Structures are given as structure tokens and as C-alpha cells.
Amino acid sequence: FCITGELMAASMALAKAKSVLILTGFPCNMDYDQPQETDGPPGAVAIARACLQFGKQVTIATDDCNFGIVQAAVGVDDRDIQVVSFSAGDSWGDQEVESVRRLAEATDHIVAIEVINEGERERER
């Protein structure tokens, strides 16, 4: 499903941003030692590197279980990309909520890559 002009609007908003927060992590293989899917974290790093080339401040936020894979994908050469992680949302307290609020307020643009949340239908139930 696509809305005409949506990609252009998102691209223009990203181009105007000075700081970008990229959200990634979709722990979908919970029976394995490495529960993450495989394309979101490297895709997040690719977008982060592109944003750096345009002079943007970049932070990648992910789940605790994905932190290692995202940090490895960033590598030692991209010290300008900050990587932060959070525990699963159902275990959050006031401190985690405040940390996420501060992170969101400190950025101009948020990009979510395969990050799921409760949909409209689930909230109505």
C-alpha cells in the first residue's frame, strides 16, 4: 500500500533534519541465541552512514538483544554513529520511558526499520 508523494515527503523531511534517530530490531527468532532478523540492522547502519555523509548527527536505537549485532555492523570506523539499546518495552519503568523521551526530543527525524508496535486494531480490543 502506497500513498502518492509519501516517499518524496519522507525524503524531504530527512534531508532537512540535523539529527536522525534510527530504530531497528525485530527479535523474531526467539528460540535461537541470535533472535534478530537479518536485514533491519545492516539496513539501519547503511542509512546511518548515508546520513553521516550529509552531515547529520545519527543515533541507532535497538533492543538489548540486537545491540551486539548493530554495534558489530557499525564497526570501529563509524565512531560518529551512536548506538543505544533498551530492554523489552513490557519491562520498562519510569527511567526507561524518560530515556526514550529525551532521545526522541533530541532528534529532528525518526526512521523506524522493522520495529513493530501495537496497531490501531489491537488498541481497540
Long-range HN-HN contacts of VAL58 with modeled amide H, under 5 Å: VAL20, GLN82
Could you run the Karplus curve 6.51 cos²θ - 1.76 cosθ + 1.60 with θ = phi - 60° over segment 13-22 and give me ³J(HN,Hα) per residue in whole Hz, x for Gly and Pro? 5, 5, 4, 7, 5, 9, 10, 10, 10, 10
Furthest towards positive pole of dipole, ALA72, SER85, THR62, structure part segment 51-112, Cβ charges: ALA72
Say each of VAL97 and ALA10 gets a label point 7 Å from the Cα, pointing the same way as Cα to Cβ; how far apart are those two points in nm? 2.9 nm
Subtracting the Cα-Cα distance from 0.36 nm times the residue separation, let me have the gained length for ALA46 to ALA106 in nm, one decimal. 19.5 nm
Can you compute the charge dipole magnitude of segment 37-110 about its Cα centre, using +1 on each Lys and Arg Cβ and -1 on each Asp and Glu Cβ, nothing else charged? Give it in debye, rounded to the nearest 20. 320 debye
For ASP64 and VAL76, calculate 0.36 nm times their separation in residues minus their Cα-Cα distance, and state this gained length in nm to one decimal. 2.4 nm
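None of the figures in this text is laboratory data; all of them are computed from the coordinates on show. Just so it is clear, the model here is predicted, and its values are computed rather than measured. Cβ sites come from the backbone with ideal geometry, for glycine too, and all protein chains shown count toward neighbours.
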